[in-house]
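See below for the structure under consideration.
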Amino acid sequence: MNSKKILIVDDTSTNIDILLELIGKKYEILVALDGTSALEILDKEHIDLVLLDIMMPEMDGFEVCQHIRDNKKTKEIPIIFITAKSDEKTIEEAYAIGGSDYITKPFKPLELLARIKTQLKLRTLIENLEYIASYDAMTGIYNRRKFFEIAVEIFDTSKENLFAIMIDIDKFKNVNDTYGHPVGDLVIKNIATCIKGNLCKESVFGRVGGEEFAILCHKENQKEVKEKIELLRTQVELCETFTEDGTLVKCTISEGIAMANPQTKSLDALLKIADEALYTAKGDGRNKVIFR
């Protein structure tokens, strides 16, 4: 069975039975008999595609589609309308409201299977492109563009107890000059993995420069964030990277912390303060955490 999960939304059991017989052995299937149940399933489950009837009581397929498209979590799920309505006005409305495809009943089994396969393949391609556009290829954490995209949204909606941390690998040029760029890349990757493993999942963590990282997080108070960032420093200090001939390479990091306040006008302003604290840390001997 394919690991893809499809949600069938139809109030007629006969239609559901036909679809189950056709695609039940190829995909994991969930069923909803009405729009409300469908939205509840979509909220709880990871659904890869929706087969959606239009004519249903209380909440028709168009309303369901609109709810799916309005929800940040579900808005990208492919939706194939399967309906007995074949007039041009209905078809036009189905696409306008966010339908990915439209099939009229009675449908041709092979055509339905082909359209399902096409929509799932398109979604996988889009997800791959989104990943490439959002994540740093070397470290697997957010790249600069995605970090700023998420961080700006957080800053604009919730500045209370918001902290920005800038991180730089100390004397990283020496690593590249001494051991070569492949080892330098491995050091960056290992340090990023170490930092990520010691962050709470709510933190936003990205690589914003060659050996520079940034974190945005909410903490209860300054003491808590200082302790957490100091822990990152000590954990990185223990991080080990080995060259091909077994030589041990160890690095340290310097970190600057800034806290947002009502006078902080933008994310850039907050990060600038954190960056100034970072360079104070580097100027004071490196391998330090400075709070401003």
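The values are calculated or read from the model by the stated rules, or taken from the named source; none is laboratory data. This structure is a prediction, so every number in the text was calculated from the model and none was measured. Methodologically, a virtual Cβ is constructed for each residue, glycine included, from the backbone with ideal geometry; neighbour enumeration extends over all protein chains shown.
Structure data summary
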read-out	value
Selection status of PHE147, out of contact with any helix residue (DSSP H, G or I) (no Cβ under 7 Å at 6 or more places or on another chain), without any contact (Cβ under 8 Å) to a residue 60 or more places away in the chain and hydrophobic (A, V, I, L, M, F, W, C)	no
Number of the condition not met by LEU52 [criteria: (1) out of contact with any Phe, Trp or Tyr (no Cβ under 9 Å at 6 or more places or on another chain); (2) surrounded by 17 or more Cβ atoms within 10 Å (Cβ to Cβ)]	(1)
Residue within the stretch 105-121 that is small (Gly, Ala, Ser), crowded, with 17+ Cβ neighbours inside 10 Å and either part of a helix (DSSP H, G or I) or in the same structural domain as ARG207 (by TED's automatic domain parsing) (or both) present	no
Test: residue in the stretch 113-124 that is hydroxyl-bearing (Ser, Thr, Tyr), in contact with a Phe, Trp or Tyr (Cβ under 8 Å, 6 or more places away or on another chain) and modelled with pLDDT of 95 or more	no
Condition met for PHE107 (modelled with pLDDT under 95 and aromatic (Phe, Trp, Tyr))	yes
Filter result (basic (Lys, Arg), farther than 23 Å from LEU113 by Cα and within 33 Å of the chain's Cα centre (by Cα)) within the stretch 70-100	LYS72, LYS73
Unique residue being exposed (fewer than 13 other Cβ atoms within 10 Å of the Cβ) and out of contact with any Asp or Glu (no Cβ under 7 Å at 6 or more places or on another chain) when the list is LYS75, LYS26	LYS75
